[in-house]
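Nothing in this text is a laboratory measurement; each read-out follows from the coordinates by a stated rule. Nothing here was measured: the structure is a model prediction, and the numbers come from that model. Here Cβ is always computed from backbone atoms with ideal geometry, including for glycine, and neighbour counts include all displayed protein chains.
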Amino acid sequence: MGGDGCRLYLITPPQLEPVAFAGLLAAALDAGDVAAVQLRLKDIEEDALRRAIDVLRPVVQSRGVAFLMNDRPDLAVKHGCDGAHVGQTDTAAAVARKILGDLTLGVTCHASRDLAMTAGDDGADYVAFGAFFPTVTKEASTQADPEILTWWHDLMEPPCVAIGGITAANCAPLVQAGADFLAVVGAVWNHPDGPAAGVRAMNAAIAAA
């Protein structure tokens, strides 16, 4: 992950059927620039999670896109993923760093500069701030101000991800504030014209910002 300018970071819907979803995912990735896909399936049995990884990982990696696991650095290593993303209540970042070795580690930091600094010290390859807007995907406990993106971008080396209710219509301030990546769920998967149109709309909005 990385590169010039702000890029799109896709998070999977909270529930999906892997084989049916693979086609939608391929169409989305073929529609425009995507830096990473995070497989985020909560309250799912491990066998089902492994199956989802096995079905979806090749779709993502064959297109040169990073495939990241939510919350399970152990499975990321075991199943050939490119890294993992952990929240503040998941595997501790320092522990995840040891498990992942050279793979990518992302850490949720909500709206906290202290959490972000700690994540950086623990070896995070990127930090995620949010939520910036109301979101239906998960209950957001914090409201983040775009200024935190500018602070991080100006001071720190690892990239930052903005997350939480981001759409093509509202993302411009986040791009302008210095977000390296915009993480989206609904803006792509719930787009009225389909996921491919959602990716095109997000990339157009990022470019216009």
Q.
Given contacts defined as C-alpha pairs under 8 Å and at least six residues apart, what's the relative contact order of region 7-208, whole-number percent?
A. 21 percent
Q | Rg/Rg_ref, region 1-58, where Rg_ref = 2.2 N^0.38 Å and atoms are Cα | A | 1.20
(Q) Can you tell me how the chain classifies by the Cα gyration tensor, rounded, prolate or oblate, using a/c under 1.5 as the rounded cut? (A) oblate
**Q.** Summed residue charge, Cβ within 12 Å of K98's Cβ, Lys/Arg positive, Asp/Glu negative
**A.** -2
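Using Cα pairs under 8 angstrom and six or more residues apart, how large is the relative contact order of region 135-196, in percent?
Relative contact order for region 135-196 comes out at 34 percent.
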Q: Would you work out the relative contact order for region 43-149, in percent, from Cα pairs under 8 angstrom that are 6 or more residues apart?
A: 17 percent
**Q.** q = 0.16, 0.30, 0.32 Å⁻¹: log10 I(q)/I(0) that the Debye formula gives for region 87-128, counting C-alpha atoms only
**A.** -0.31, -1.08, -1.20
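For the chain, what is the mean residue ellipticity at 222 nm derived from helices alone (per DSSP H run of n ≥ 4: -39500 (n - 2.57); sum divided by total residues; nearest 500 deg cm²/dmol)?
Counting only the DSSP helices, I get -11500 deg cm²/dmol.
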Q) Applying the Karplus parametrisation 6.51 cos²θ - 1.76 cosθ + 1.60 with θ = phi - 60° to the phi angles of region 69-75, what ³J(HN,Hα) value in whole Hz is obtained for each residue in order, glycine and proline being reported as x? A) 9, 7, 6, 10, x, 4, 5
